[in-house]
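A short write-up of the structure that comes next.
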Amino acid sequence: MEFIKLNVNKRKNTGKGAARRMRRSGFVPAVVYGVGIETFNVSVEPRAIVQALAGPMRLNTVLKLNVEGEDKPREIIALVRDHQYHPVRRSLQHVDFLAIDVAKPIRVNVPVNRTGRAIGEQAGGNLTQVFRALPVDCLPDRIPAEIVIDVTALEVGGHVTVKEIPLPEGATAALPGDQSVFTVTMPKAEKVEEVVAEGEGAEGEAAAEGEEGEKKAEGEGDAEKGAEKGAEKGAKKDGKKDAKKD
């Protein structure tokens, strides 16, 4: 694989003021770090870095940095590890370059894409993509642009695991082999309707119990009123008897 060349200029001035002046002059502040080198600051043209990352590899593009501004120009193989954009203008503000060794594996996040329509989807199921990208360990010249998975044969309850994913020779996924990447499940609408129906039945029973309670209370109230009237009548009769005796 041929790496993308990118010119960067070593810079001495740092700080917010120097960074603002650099952006006004048409450059973006950046930093280069990694194992085996001393961290140093550089500047890069934003259009150049955008063009370098415009290919199918995107942020996984391996760059050959041509460092200028030193006594002897040198080349460093690197990846973009971080970058920031202005929140309003969306212009590139800063870039971090990670220097790498082409002879040693590195870890990158590779996009995962699907192809086909699962059998389970056609039967009314829902296809869920658990990972949009997978961490992969491989040599810099073996980084895949994407991982494409055919989900056509997936039925309801089926899944595609990490160990079933086709990877280039020398590349390994940095996740457990039984980790699901795609799954097909049935919607839970039926269960929700059943719960609602049960809830309505419970409300009906509660209402019925409430009505029975009200009727009981009314009956008990009528009984109490009858007892009071009986007591009053008895008291009147006793009073008349006592009056006759007198």
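Read-outs: derived from the displayed coordinates by stated rules, not from any lab. Computed from a predicted structure; not experimentally measured. Neighbour counts are summed over all protein chains in view; Cβ atoms, including those assigned to glycine, are modelled from backbone coordinates with ideal geometry.
Could you calculate the FRET efficiency of GLU38 with LYS16 from 1/(1 + (r/R0)^6), where r is the beta carbon distance between them and R0 is 25 Å, rounded to 0.05?
That pair, GLU38 with LYS16, gives E of 0.60.
Exposure proxy check: VAL44, VAL130 ranked by fewest other beta carbons within 10 Å?
VAL130, VAL44
Run the paramagnetic zone check for ARG24: 7 angstrom along Cα to Cβ, then residues of segment 65-88 with backbone nitrogen under 20 Å.
From segment 65-88, the list is 86-88.
Once each part is reduced to its C-alpha centroid, what is the distance from segment 150-179 to segment 1-79 in angstrom?
36
Would you mind checking LYS12/LYS64; LYS104/LYS163; LYS64/LYS104; LYS16/LYS64; LYS5/LYS163; LYS64/LYS163 for any pair whose Cα atoms are more than 25 angstrom apart?
LYS16/LYS64; LYS5/LYS163; LYS64/LYS163
Please state, to two decimals, what the Cα-based radius of gyration of segment 46-101 comes to when divided by 2.2 N^0.38 Å (N = residues).
Here the Cα radius of gyration is 1.23 times the empirical estimate.
Can you put TYR85, TYR33 in order, fewest other beta carbons within 10 Å first?
Going from sparsest to densest Cβ surroundings: TYR85, TYR33.
Roughly speaking, what is the stretch gain from ILE4 to ARG74, that is 0.36 nm per residue apart minus the C-alpha to C-alpha distance, in nm to one decimal?
Here the answer is 23.7 nm.
Note down the relative contact order for segment 106-187 as a percent, whole number, built from C-alpha pairs under 8 angstrom at least six residues apart.
So the answer I get is 40 percent.
With r defined as the distance between the Cβ atoms of THR161 and LYS104 and R0 fixed at 30 Å, what FRET efficiency is calculated, to the nearest 0.05?
The pair THR161/LYS104 has a calculated efficiency of 0.60.
Given a Förster radius of 22 Å and the C-beta distance between ALA174 and THR115 as r, what FRET efficiency does 1/(1 + (r/R0)^6) yield to the nearest 0.05?
E(calc), rounded to 0.05, equals 0.40.
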